[in-house]
Amino acid sequence: MKKISLTQYLVEQQREHGRIPAQLRLLIEVVARACKQIAISVNKGALGDVLGTATTENVQGEVQKKLDIIANEVLLEANSWGGHLAAMASEEMDSIHTVPDRYPQGEYLLLFDPLDGSSNIDVNVSIGTIFSVLKKVGHHHGVNEADFLQSGKAQAAAGYCIYGPQTTLALTVGDGVAMFTLDREQGSWVLTSENVQIPADTKEFAVNMSNMRHWAPPVKRYIDECLAGTDGPRGKDFNMRWIASMVADVHRILTRGGVFLYPWDKREPDKPGKLRLMYEANPMAFLVEQAGGAATNGHERILDITPGKLHERVSVVLGSKNEVERVTAYHAKAN
C-alpha cells in the first residue's frame, strides 16, 4: 500500500477537490510541524527536564506545567512568520497574539490549547494539542479580539495531535476526518485512516464520576440509567472510561465510539461549564460532527454558539449521535 503523506493529502484536497486554499494548506502543515516538535519534548520527559510545574499561572488561574509553556511557545514561534496568519489565541494567554509587523499578515486566525490534559504529563498518560482555524471576516486593517468571536460552524479547519504510544494527528477541513500517524524514522505524517466514522450507538461513557453529586438532574438521570445496566431502562450494560485528557477521550470515541460528558455542575453555578468553547469544545465538536457524531452543551449544538468572550466556557456532551441526543432530550424535558 502506497504511503500518503500529510502534504500530499492536503495538496490533493486543494488541487483535486478545491476544498482548501493554499494559505490554509500551509497553515495546517506548519501546525503539524510544530506538533512534531512538541512530541519530541513530550517524549523526552524527565530526560529533557520538562516535567513538573512552572512558577506561573495562566489566564484561567491554573498553575502552568513546564510543558504547557514550551508547547505554547513552539506554536507561537512556528506560526508567526509564514504569512498565512493574522493573529493567534491560546488557552494559556490572556489576550490575542498578533503577527509581528515585520512579517506579512495572512487572512486566518489560529486558536489552540497547546497541551490538553496537563494533569497527565507527569504520570506518562496521553496528552495532546488541540487547534482551530477561523478566517478573518471583513477587510478592516489589523485584528482584534472581536475578530475571533465567531461560532464554531465558521471554522475552516480543526484538529488535534495526541502524544501517546503513537503520535497521531486528527484533522478535518470540513470534508470528513482523516488521521495521520507520525513516522518517527522518516519524520513525516502518514495517512493511516480516512473517512473516520463514530458509531451512532455505544455502550461506553466517559465522565468524572466524582462530581456526580454536583450534576444537574438530566445528567444524573442519564448516568444512573447507564449504571443500572441490563436491569435498568436502557436494557444494556455500559462501561465507563475517563482519562482526564479530552484529547485522549475524544480520540477513543473517534476510534470506536462512546459519549463524553463534561457538564455544568453546581460547585461554580455561574460558569456554564469547565471546558473552553474556542480552544477545546469547538474544534472537537467540528471533528465529531464530521465523523457522524453529535456535540451539544446539553441544550443546543455547540457549533451554533456565538462566543461572547475569548475564554468562554461551555458544558460539553459529544460522541455517538444517539446518546448525545438522549442527554440533550433529558435537558429539554427538565426545562
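The values are calculated or read from the model by the stated rules, or taken from the named source; none is laboratory data. Treat the numbers as computed from the prediction; the structure is a model and nothing was measured. Cβ placement follows ideal geometry from the backbone for every residue including glycine, while neighbour counts extend to all protein chains displayed.
Can you spot a residue in segment 143-152 that is among the aromatic types (Phe, Trp, Tyr), in the same structural domain as Ala22 (by TED's automatic domain parsing) and not in a strand (DSSP E or B)? Scanning segment 143-152, I find at least one residue that is among the aromatic types (Phe, Trp, Tyr), in the same structural domain as Ala22 (by TED's automatic domain parsing) and not in a strand (DSSP E or B), so the answer is yes. Please indicate, with yes or no, whether at least one residue in segment 186-198 is β-branched (Val, Ile, Thr), assigned to a strand (DSSP E or B), surrounded by fewer than 21 Cβ atoms within 10 Å (Cβ to Cβ) and touching a strand residue (DSSP E or B) at 6+ places or on another chain (Cβ under 7 Å). Yes, segment 186-198 contains at least one residue that is β-branched (Val, Ile, Thr), assigned to a strand (DSSP E or B), surrounded by fewer than 21 Cβ atoms within 10 Å (Cβ to Cβ) and touching a strand residue (DSSP E or B) at 6+ places or on another chain (Cβ under 7 Å). Could you list, in sequence order, the residues of segment 293-318 that are closer than 19 Å to Lys220 by Cβ and under 13 Å from the mean Cα position of the chain (by Cα)? Correct list: Val316, Leu318. Residues of segment 163-185 that are crowded, with 23+ Cβ neighbours inside 10 Å and touching an Asp or Glu at 6+ places or on another chain (Cβ under 9 Å): Val177, Ala178. Counting only residues that are without any contact (Cβ under 8 Å) to a residue 40 or more places away in the chain and part of a helix (DSSP H, G or I), segment 199-216 holds 4 of them. Within segment 239-259, the set of residues being touching a Phe, Trp or Tyr at 6+ places or on another chain (Cβ under 8 Å) and crowded, with 20+ Cβ neighbours inside 10 Å comprises Met246, Val247, Asp249, Val250, His251, Ile253, Gly258, Val259. Against the conditions (1) in contact (Cβ under 8 Å) with a residue 40 or more places away in the chain; (2) surrounded by fewer than 16 Cβ atoms within 10 Å (Cβ to Cβ), Ala146 satisfies every one except (1).
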